[in-house]
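Notes to accompany the following structure.
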Amino acid sequence: MEAVLPFFSCSAIIIFFLVIWVFSCIRIVNEYERAVIFTLGKVAEKPKGPGLIFVFRPFQRAVVVSLRTVVLDVPSQDVITKDNVSLKVSAVVYFRVLDAKQAIVRVENYYYATSQIAQTTLRSILGEVSLDELLAAREKLSLRLREIIDQATEPWGIEVTSVELKSVDLPEQIQRAMGKQAEAEREKRAKIIAAEGELMASQQLLEASNRISQNPVAIQMRYLQTLTEIAVEKNSTIVFPLPIELLKMLDRIGMPKE
(Lines give C-alpha, C1' and ligand atoms only; values in the text may rest on other atoms or scores of the structure.)
Protein backbone atom coordinates (compact mmCIF):
# COMPACT_ATOMS: atom_id res chain seq x y z
CA MET A 1 0.00 0.00 0.00
CA GLU A 2 2.81 2.30 0.85
CA ALA A 3 4.40 1.60 -2.59
CA VAL A 4 1.16 2.39 -4.43
CA LEU A 5 0.81 5.88 -2.95
CA PRO A 6 4.08 7.20 -4.39
CA PHE A 7 3.06 5.77 -7.75
CA PHE A 8 -0.27 7.62 -7.71
CA SER A 9 1.38 10.80 -6.55
CA CYS A 10 3.93 10.66 -9.37
CA SER A 11 1.15 9.99 -11.92
CA ALA A 12 -0.85 12.94 -10.61
CA ILE A 13 2.16 15.20 -10.92
CA ILE A 14 2.84 14.00 -14.47
CA ILE A 15 -0.81 14.48 -15.45
CA PHE A 16 -0.81 17.93 -13.88
CA PHE A 17 2.25 19.05 -15.86
CA LEU A 18 0.84 17.38 -18.98
CA VAL A 19 -2.36 19.38 -18.68
CA ILE A 20 -0.37 22.60 -18.20
CA TRP A 21 1.72 21.78 -21.29
CA VAL A 22 -1.37 21.09 -23.41
CA PHE A 23 -2.96 24.37 -22.41
CA SER A 24 0.29 26.22 -23.14
CA CYS A 25 0.31 24.73 -26.65
CA ILE A 26 -3.19 25.95 -27.44
CA ARG A 27 -3.40 29.32 -29.19
CA ILE A 28 -6.42 31.36 -30.28
CA VAL A 29 -5.98 33.31 -33.51
CA ASN A 30 -8.43 36.11 -34.26
CA GLU A 31 -10.26 36.54 -37.56
CA TYR A 32 -7.92 39.34 -38.67
CA GLU A 33 -4.73 37.40 -37.74
CA ARG A 34 -2.67 34.53 -39.11
CA ALA A 35 -0.08 32.43 -37.27
CA VAL A 36 3.17 31.56 -39.06
CA ILE A 37 4.42 28.24 -37.64
CA PHE A 38 8.14 27.38 -37.35
CA THR A 39 8.97 23.70 -36.71
CA LEU A 40 12.60 23.25 -35.62
CA GLY A 41 13.39 26.51 -37.43
CA LYS A 42 11.61 25.60 -40.67
CA VAL A 43 8.59 27.60 -41.68
CA ALA A 44 5.33 25.84 -42.51
CA GLU A 45 3.88 26.04 -46.00
CA LYS A 46 0.72 27.86 -44.98
CA PRO A 47 -0.06 30.04 -41.95
CA LYS A 48 -2.70 28.78 -39.52
CA GLY A 49 -5.87 30.45 -38.35
CA PRO A 50 -8.22 31.92 -37.59
CA GLY A 51 -9.60 29.96 -34.65
CA LEU A 52 -8.06 27.45 -32.26
CA ILE A 53 -4.61 26.11 -33.21
CA PHE A 54 -2.15 23.75 -31.54
CA VAL A 55 1.55 24.65 -31.32
CA PHE A 56 3.71 21.65 -30.37
CA ARG A 57 6.10 23.26 -27.93
CA PRO A 58 9.06 23.50 -27.61
CA PHE A 59 9.63 22.18 -31.12
CA GLN A 60 7.24 24.65 -32.74
CA ARG A 61 6.95 28.41 -32.50
CA ALA A 62 4.09 30.61 -33.71
CA VAL A 63 4.43 34.22 -34.93
CA VAL A 64 1.06 35.98 -35.18
CA VAL A 65 0.69 38.61 -37.93
CA SER A 66 -2.22 41.05 -38.23
CA LEU A 67 -3.87 41.40 -41.65
CA ARG A 68 -5.66 44.65 -40.88
CA THR A 69 -4.84 47.91 -42.67
CA VAL A 70 -2.08 49.79 -40.87
CA VAL A 71 -1.99 53.60 -40.79
CA LEU A 72 1.66 54.67 -41.00
CA ASP A 73 2.35 58.30 -40.14
CA VAL A 74 5.41 59.47 -42.09
CA PRO A 75 7.09 62.27 -40.10
CA SER A 76 7.99 65.60 -41.69
CA GLN A 77 10.82 65.26 -44.19
CA ASP A 78 13.17 68.02 -45.30
CA VAL A 79 12.70 68.27 -49.06
CA ILE A 80 14.47 70.49 -51.60
CA THR A 81 12.31 70.86 -54.70
CA LYS A 82 13.47 71.08 -58.28
CA ASP A 83 13.45 74.89 -58.14
CA ASN A 84 15.61 74.88 -54.95
CA VAL A 85 12.87 75.59 -52.39
CA SER A 86 13.39 74.05 -48.94
CA LEU A 87 10.24 72.82 -47.21
CA LYS A 88 8.91 70.14 -44.87
CA VAL A 89 6.41 67.54 -46.10
CA SER A 90 4.59 64.89 -44.07
CA ALA A 91 2.43 62.05 -45.37
CA VAL A 92 0.25 59.11 -44.37
CA VAL A 93 0.68 55.59 -45.79
CA TYR A 94 -2.04 52.93 -45.63
CA PHE A 95 -0.82 49.35 -46.08
CA ARG A 96 -1.75 45.80 -45.11
CA VAL A 97 -0.14 42.37 -45.06
CA LEU A 98 -1.31 40.05 -47.84
CA ASP A 99 1.13 37.18 -47.23
CA ALA A 100 1.95 36.65 -43.56
CA LYS A 101 4.67 34.14 -44.37
CA GLN A 102 6.61 36.51 -46.62
CA ALA A 103 6.17 39.39 -44.16
CA ILE A 104 7.97 37.36 -41.48
CA VAL A 105 10.55 35.46 -43.57
CA ARG A 106 11.61 38.08 -46.12
CA VAL A 107 12.15 41.08 -43.83
CA GLU A 108 13.13 41.48 -40.19
CA ASN A 109 10.53 44.11 -39.26
CA TYR A 110 8.04 44.85 -42.03
CA TYR A 111 6.53 47.87 -40.24
CA TYR A 112 9.91 49.61 -39.77
CA ALA A 113 11.03 48.66 -43.28
CA THR A 114 7.88 50.09 -44.84
CA SER A 115 8.33 53.28 -42.83
CA GLN A 116 11.90 53.74 -44.07
CA ILE A 117 10.91 53.03 -47.69
CA ALA A 118 8.11 55.61 -47.42
CA GLN A 119 10.44 58.30 -46.03
CA THR A 120 13.19 57.84 -48.61
CA THR A 121 10.71 57.64 -51.50
CA LEU A 122 8.97 60.80 -50.30
CA ARG A 123 12.22 62.77 -50.31
CA SER A 124 13.43 61.46 -53.66
CA ILE A 125 10.15 61.89 -55.60
CA LEU A 126 9.28 65.35 -54.26
CA GLY A 127 12.83 66.49 -54.99
CA GLU A 128 12.15 65.92 -58.71
CA VAL A 129 9.22 68.35 -58.96
CA SER A 130 8.87 72.11 -58.59
CA LEU A 131 6.96 73.89 -55.85
CA ASP A 132 4.06 74.76 -58.16
CA GLU A 133 3.72 71.11 -59.24
CA LEU A 134 3.81 69.98 -55.61
CA LEU A 135 0.99 72.34 -54.63
CA ALA A 136 -1.14 71.87 -57.76
CA ALA A 137 -0.73 68.13 -58.47
CA ARG A 138 -0.83 66.53 -55.03
CA GLU A 139 -3.16 63.73 -56.11
CA LYS A 140 -0.90 62.80 -59.02
CA LEU A 141 2.15 62.75 -56.77
CA SER A 142 0.28 60.64 -54.19
CA LEU A 143 -0.51 58.02 -56.83
CA ARG A 144 3.11 57.97 -57.99
CA LEU A 145 4.34 57.54 -54.41
CA ARG A 146 1.89 54.69 -53.83
CA GLU A 147 3.05 52.84 -56.94
CA ILE A 148 6.74 53.13 -56.05
CA ILE A 149 6.32 52.15 -52.39
CA ASP A 150 4.00 49.26 -53.30
CA GLN A 151 6.51 47.97 -55.84
CA ALA A 152 9.28 48.04 -53.20
CA THR A 153 7.23 46.26 -50.52
CA GLU A 154 5.59 43.68 -52.80
CA PRO A 155 8.32 41.01 -52.22
CA TRP A 156 7.55 41.26 -48.49
CA GLY A 157 3.89 40.34 -49.01
CA ILE A 158 2.72 43.88 -48.24
CA GLU A 159 0.21 45.90 -50.28
CA VAL A 160 0.23 49.70 -50.10
CA THR A 161 -3.36 50.81 -50.64
CA SER A 162 -2.99 54.58 -50.44
CA VAL A 163 -0.52 57.41 -49.85
CA GLU A 164 -1.70 60.90 -48.92
CA LEU A 165 0.39 64.06 -48.56
CA LYS A 166 -0.76 65.39 -45.20
CA SER A 167 0.89 68.80 -44.92
CA VAL A 168 3.38 71.02 -46.72
CA ASP A 169 5.17 73.55 -44.48
CA LEU A 170 6.53 76.48 -46.49
CA PRO A 171 9.14 78.99 -45.23
CA GLU A 172 7.86 82.44 -44.25
CA GLN A 173 9.68 84.10 -47.16
CA ILE A 174 7.94 81.81 -49.65
CA GLN A 175 4.57 82.43 -48.00
CA ARG A 176 5.02 86.20 -48.25
CA ALA A 177 6.10 85.93 -51.89
CA MET A 178 3.11 83.73 -52.71
CA GLY A 179 0.80 86.20 -50.94
CA LYS A 180 2.15 89.09 -53.03
CA GLN A 181 1.79 87.02 -56.19
CA ALA A 182 -1.82 86.14 -55.34
CA GLU A 183 -2.60 89.80 -54.59
CA ALA A 184 -1.08 90.88 -57.91
CA GLU A 185 -3.13 88.23 -59.72
CA ARG A 186 -6.33 89.49 -58.08
CA GLU A 187 -5.54 93.10 -59.04
CA LYS A 188 -4.83 91.99 -62.59
CA ARG A 189 -8.19 90.18 -62.84
CA ALA A 190 -9.99 93.19 -61.33
CA LYS A 191 -8.49 95.57 -63.89
CA ILE A 192 -9.31 93.21 -66.75
CA ILE A 193 -12.91 92.87 -65.56
CA ALA A 194 -13.24 96.66 -65.21
CA ALA A 195 -11.82 97.20 -68.70
CA GLU A 196 -14.21 94.63 -70.15
CA GLY A 197 -17.11 96.38 -68.41
CA GLU A 198 -16.08 99.76 -69.87
CA LEU A 199 -15.85 98.22 -73.34
CA MET A 200 -19.30 96.64 -73.07
CA ALA A 201 -20.78 99.90 -71.71
CA SER A 202 -19.29 101.92 -74.59
CA GLN A 203 -20.68 99.47 -77.11
CA GLN A 204 -24.14 99.70 -75.55
CA LEU A 205 -23.97 103.50 -75.51
CA LEU A 206 -22.91 103.58 -79.15
CA GLU A 207 -25.79 101.32 -80.12
CA ALA A 208 -28.27 103.38 -78.07
CA SER A 209 -27.07 106.69 -79.55
CA ASN A 210 -27.34 105.30 -83.07
CA ARG A 211 -30.93 104.21 -82.48
CA ILE A 212 -31.97 107.48 -80.79
CA SER A 213 -30.43 109.60 -83.55
CA GLN A 214 -32.66 107.94 -86.13
CA ASN A 215 -35.84 109.52 -84.64
CA PRO A 216 -35.99 113.11 -83.26
CA VAL A 217 -38.97 112.26 -81.08
CA ALA A 218 -36.82 109.70 -79.26
CA ILE A 219 -34.39 112.48 -78.39
CA GLN A 220 -37.22 114.53 -76.89
CA MET A 221 -38.43 111.52 -74.89
CA ARG A 222 -34.93 111.10 -73.52
CA TYR A 223 -34.94 114.79 -72.53
CA LEU A 224 -38.18 114.31 -70.62
CA GLN A 225 -36.94 111.16 -68.91
CA THR A 226 -33.77 112.94 -67.80
CA LEU A 227 -35.84 115.86 -66.49
CA THR A 228 -38.00 113.44 -64.48
CA GLU A 229 -34.95 111.84 -62.89
CA ILE A 230 -33.44 115.22 -61.98
CA ALA A 231 -36.68 116.71 -60.61
CA VAL A 232 -36.92 114.05 -57.91
CA GLU A 233 -34.28 115.73 -55.74
CA LYS A 234 -35.85 119.26 -55.86
CA ASN A 235 -32.59 120.87 -54.79
CA SER A 236 -31.29 122.39 -58.02
CA THR A 237 -32.29 124.81 -60.77
CA ILE A 238 -33.09 123.07 -64.02
CA VAL A 239 -32.49 124.76 -67.36
CA PHE A 240 -34.42 122.80 -69.93
CA PRO A 241 -33.57 123.57 -73.59
CA LEU A 242 -36.49 124.33 -75.91
CA PRO A 243 -36.70 121.73 -78.65
CA ILE A 244 -35.85 122.92 -82.15
CA GLU A 245 -38.81 121.06 -83.58
CA LEU A 246 -41.20 123.11 -81.41
CA LEU A 247 -39.66 126.36 -82.67
CA LYS A 248 -40.07 125.21 -86.25
CA MET A 249 -43.71 124.31 -85.58
CA LEU A 250 -44.37 127.74 -84.02
CA ASP A 251 -42.60 129.42 -86.90
CA ARG A 252 -44.89 127.62 -89.35
CA ILE A 253 -47.97 128.62 -87.43
CA GLY A 254 -46.95 132.29 -87.17
CA MET A 255 -46.11 132.74 -90.86
CA PRO A 256 -48.76 134.84 -92.75
CA LYS A 257 -50.66 133.05 -95.44
CA GLU A 258 -50.20 134.40 -98.95
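The values are calculated or read from the model by the stated rules, or taken from the named source; none is laboratory data. All values reported here derive from a predicted model rather than from experimental measurement. For neighbour counting, all protein chains shown are included, and Cβ atoms are generated from backbone atoms with ideal geometry for every residue, glycine included.
Observations
- Where a residue in the stretch 191-212 is on the phi < 0 side of the Ramachandran plot and its partner, wherever it lies, is part of a helix (DSSP H, G or I) and modelled with pLDDT under 75, with Cβ under 7 Å and at least six apart: Ile212/Ala218; Ile212/Ile219; Ile212/Arg222
To keep it simple, each residue is scored yes or no on (1) surrounded by 15 or more Cβ atoms within 10 Å (Cβ to Cβ); (2) within 24 Å of Pro171 (Cβ to Cβ); (3) at pLDDT 90 or above; (4) in contact with a Phe, Trp or Tyr (Cβ under 6 Å, 6 or more places away or on another chain).
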{"site": "Leu67", "(1), (2), (3), (4)": "yes, no, yes, yes"}
{"site": "Thr81", "(1), (2), (3), (4)": "yes, yes, no, no"}
{"site": "Ala103", "(1), (2), (3), (4)": "yes, no, yes, yes"}
{"site": "Asn109", "(1), (2), (3), (4)": "no, no, yes, no"}
{"site": "Tyr112", "(1), (2), (3), (4)": "no, no, yes, no"}
{"site": "Ile117", "(1), (2), (3), (4)": "yes, no, yes, no"}
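- Note on the stretch 1-92: enclosed strands (runs of 3 or more DSSP E) holding 2 or more residues that are assigned by TED's automatic domain parsing to the domain that holds Thr161 and farther than 23 Å from Val105 by Cα are 70-80.
- For the stretch 150-171, the candidate set comprises residues that are of a type in the set (S, T, N, Q) and within 16 Å of Glu139 (Cβ to Cβ); within that set, the residue that is modelled with the lowest pLDDT is Ser167.
- Scanning the stretch 99-108 for residues that are over 15 Å from Leu67 (Cβ atoms), in contact (Cβ under 8 Å) with a residue 40 or more places away in the chain and either polar (S, T, N, Q) or not in a helix (DSSP H, G or I) (or both) returns Arg106, Val107.
- Qualifying position, being at pLDDT 90 or above, polar (S, T, N, Q) and within 24 Å of Arg146 (Cβ to Cβ), among Ser90, Ser76: Ser90
- Condition check for Pro75 on (1) more than 30 Å from Leu122 (Cα to Cα); (2) touching a residue at least 24 places away in the same chain (Cβ under 8 Å): one failure, at (1).
- Filtering the stretch 109-157 to residues that are outside any helix (DSSP H, G or I), without any contact (Cβ under 8 Å) to a residue 12 or more places away in the chain and either under 17 Å from Thr69 (Cβ atoms) or within 20 Å of the chain's Cα centre (by Cα) (or both) leaves only Ala137.
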